[in-house]
1. In the stretch 42-79, which residues are part of a loop (DSSP other than H, G, I, E, B) and of a type in the set (Val, Ile, Thr)?
2. For GLY21, work out the one condition from (1) surrounded by 18 or more Cβ atoms within 10 Å (Cβ to Cβ); (2) out of contact with any helix residue (DSSP H, G or I) (no Cβ under 7 Å at 6 or more places or on another chain); (3) small (Gly, Ala, Ser) it doesn't fulfil.
3. Given the condition assigned to a loop (DSSP other than H, G, I, E, B), in contact with a helix residue (DSSP H, G or I) (Cβ under 7 Å, 6 or more places away or on another chain), more than 25 Å from THR136 (Cβ to Cβ) and at pLDDT 90 or above, answer yes or no: does some residue in the stretch 28-35 qualify?
4. In this structure, does ALA82 turn out to be assigned to a helix (DSSP H, G or I), crowded, with 17+ Cβ neighbours inside 10 Å and not acidic (Asp, Glu)?
5. Which is aliphatic (A, V, I, L, M) and over 17 Å from the mean Cα position of the chain (by Cα), of ALA36, ALA22?
6. Report the residue count in the stretch 85-108 for those that are closer than 22 Å to LEU38 by Cβ and assigned to a helix (DSSP H, G or I).
7. With respect to ALA110, determine if the residue is touching a His at 6+ places or on another chain (Cβ under 8 Å), surrounded by 13 or more Cβ atoms within 10 Å (Cβ to Cβ), modelled with pLDDT of 90 or more and small (Gly, Ala, Ser).
8. For the subset of the stretch 137-155 comprising residues that are among the polar types (S, T, N, Q) and crowded, with 16+ Cβ neighbours inside 10 Å, which member is modelled with the lowest pLDDT?
Amino acid sequence: MLIVKEDEKNIYLAEYTIPKGAEKEDLKAREIVIWAMLGKWISQNPLKRKKNIDLQDFIYLRFDGMQETVNKAARNFKSTMAIYSLDYILENAIQSGTDIPKSKRQSKFAKMLIMHANTNEYIPYFEKIKMLVGLTKQKKDARKIQYSITAIEPA
């Protein structure tokens, strides 16, 4: 289990300091942390992909999905923390449903895969992480592109 420390204003996750506040500066600081986490992941995974056990296929990281992840995950410090476990999520998330693309940004995908990963043993503070994966429109060689990641609060 990852050791997480916190004080009144911040969460300390490995080498990252994640602000807990809701102010504009906190959001901007979380965006910077997420980009740093994604950059580190890409430096360790230059092909920008990870094989998912459930899908038995690769899930790819692309810039537009990373941008959406930053936009969504920076809104909540727990979702920012979830990005730290990106490698685990990509590999272990299980498909729990499908949806049609609902926004202009999602329109380039044929459908959206809804996936969940249990992380309560890996990172405390939340039990599940939701990941949306877009399935590209190519009929012959459709790819799965990581679209967004969000922490799900315990019920």
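The values are calculated or read from the model by the stated rules, or taken from the named source; none is laboratory data. Keep in mind it's a predicted model, so treat the numbers as computed, not measured. Neighbour counts are summed over all protein chains in view; Cβ atoms, including those assigned to glycine, are modelled from backbone coordinates with ideal geometry.
1. ILE53, the sole residue that qualifies.
2. With respect to (1) surrounded by 18 or more Cβ atoms within 10 Å (Cβ to Cβ); (2) out of contact with any helix residue (DSSP H, G or I) (no Cβ under 7 Å at 6 or more places or on another chain); (3) small (Gly, Ala, Ser), GLY21 is out only on (1).
3. No, every residue in the stretch 28-35 fails to be assigned to a loop (DSSP other than H, G, I, E, B), in contact with a helix residue (DSSP H, G or I) (Cβ under 7 Å, 6 or more places away or on another chain), more than 25 Å from THR136 (Cβ to Cβ) and at pLDDT 90 or above.
4. Yes: the conditions hold for ALA82.
5. The unique qualifying residue is ALA22.
6. So the count comes out to 10.
7. Criteria not met by ALA110.
8. We begin by selecting, within the stretch 137-155, every residue among the polar types (S, T, N, Q); these are 138, 146, 148, 150.
Cutting the leftovers down to crowded, with 16+ Cβ neighbours inside 10 Å gives us 146, 148, 150.
Values: GLN146: 96, SER148: 94, THR150: 89.
Of everything passing the filter in the stretch 137-155, THR150 is modelled with the lowest pLDDT.
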